[in-house]
Ligand SMILES: *Cc1c(COP(=O)(O)O)cnc(C)c1O
């Protein structure tokens, strides 16, 4: 394929010509662990499923085309994709990450640092001075995650990728929140992109998966080598199911984002809302950067409820349509309280410094009717008001 295809076409056609045996339009699931050799000297293209599998290849090809990458590996979780990225580094390498990065990424990098395998530095990537000082220490890997979770802070990918590459670092972006339908980090200068496909890419909240994709074919080779050596690859069943979910990604993101815009507008005018973070609002401090870098503000919103901790508890208890759960990007609208749920591993001082207060709630907007979601959230506000 030479022409640049739209995401909708990529996902609708992925794998539809893959079954050379029976010409099924929906790809089969190749669950076999092993493959017959024509003779002992001729290695077939598929030989052993830890190393290579047709369902993983179909998903990796679709994800690579969506991200503008040359290829990559499909792994058993987002965390195993992150581990695969770190396995590319030499012992003792310095990794520079964002101070407000995903908790699991922080835990993994810190854990490896404590064992002496890596060195880690977490900085505010909006701060030129802090980034400059970190790059002066010649990191091997510069880790970007934007928009951040839960405050949706934006990092200027093009600028930071340029600076980090000039300092000799590989640059990776965790593109889980925006999805390739809204942000394409490789086009902005990154070497690697990783995903938790558990989230919006699968979109149906019924499996764990990850992916890591690279622009440079030599890097893709290294990724495959390590995925095989460490046994980090996804099962055929999960890869097949993720491709099935991926087929509706562009539709889901459009709809979830349209609903998120409505909810954000409504929340921003609500008397019980202290503060709201959503890149699509004119009041969002980094709106210009978000508009330049993303093709839309996405489906994540975070906001603070007036009345502190007590009001937040009453609000959450009253919800009937919106579910109190961590995770994001799926069909169902989920709400969580980062301070005690997704970010509970972060010490209170670090939470305060990052702006994660006890009254902050994070909303992952799903596929329900916007008016029904608004009615549910209003029920929460009314209940918490009576209780307060
Ligand atoms: C969920 C998530 C991960 C980890 O993915 P798992 O599939 O849960 O292992 C990494 N980064 C981000 C931004 C995530 O939301």
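We did not get these values from a lab; they are worked out from the coordinates using the rules stated. All values derive from a computational prediction rather than experimental measurement. Cβ coordinates were reconstructed from backbone atoms using ideal geometry, including for glycine residues, and neighbour counts include every protein chain displayed.
Provide the percentage of antiparallel DSSP beta bridges, counting only those with both residues in region 16-161; round to the nearest 5.
Working: 2 of 10 bridges.
Around 20 percent antiparallel, to the nearest 5.
Where does helix 370-387 land angle-wise versus the long Cα axis of the chain, in degrees 0 to 90, nearest 10?
50
Once you place label points 7 Å from the Cα toward the Cβ at residue 136 and residue 91, how far apart are they in nm?
3.0
Restricting the count to DSSP beta bridges whose residues both fall in the chain, what percent are antiparallel, rounded to a multiple of 5? Could you put the intermediate results ahead of the total?
Numbers: 25 of 43 bridges.
Among the beta bridges of the chain, antiparallel pairing accounts for roughly 60 percent.
With axes computed from alpha carbons, what is the tilt in degrees of helix 236-246 against the longest principal axis of the chain, rounded to the nearest 10 within 0 to 90?
Relative to the chain, helix 236-246 is tipped by roughly 50 degrees.
Taking the simple approach of a point 7 Å from Cα along Cα-to-Cβ for both residue 128 and residue 26, what is their distance in nm?
Once both label points are built, they end up 5.5 nm from each other.
Considering only DSSP beta bridges with both partners in region 249-387, what is the antiparallel share in %, to the nearest 5? Provide the component values of the computation, followed by the final result.
Values: 12 of 14 bridges.
Taking every DSSP beta bridge within region 249-387, about 85 percent pair in antiparallel fashion.
Of the listed peptides 153-166, 66-79, what is their order by residue-averaged count of other C-beta atoms within 10 Å, with the highest listed first? Spell out each step's value before the answer.
Details: 153-166: 19.7, 66-79: 23.6.
My ranking of the peptides, most packed first, is 66-79, 153-166.
Output the 0 to 90 degree angle, nearest 10, between the alpha-carbon long axis of helix 308-318 and the longest principal axis computed from the alpha carbons of the chain.
Value to nearest ten degrees: 70.
Measuring from a point 7 Å past the Cα of residue 320 along Cα-to-C-beta, which residues in region 346-385 have an amide N at less than 20 Å?
366-385
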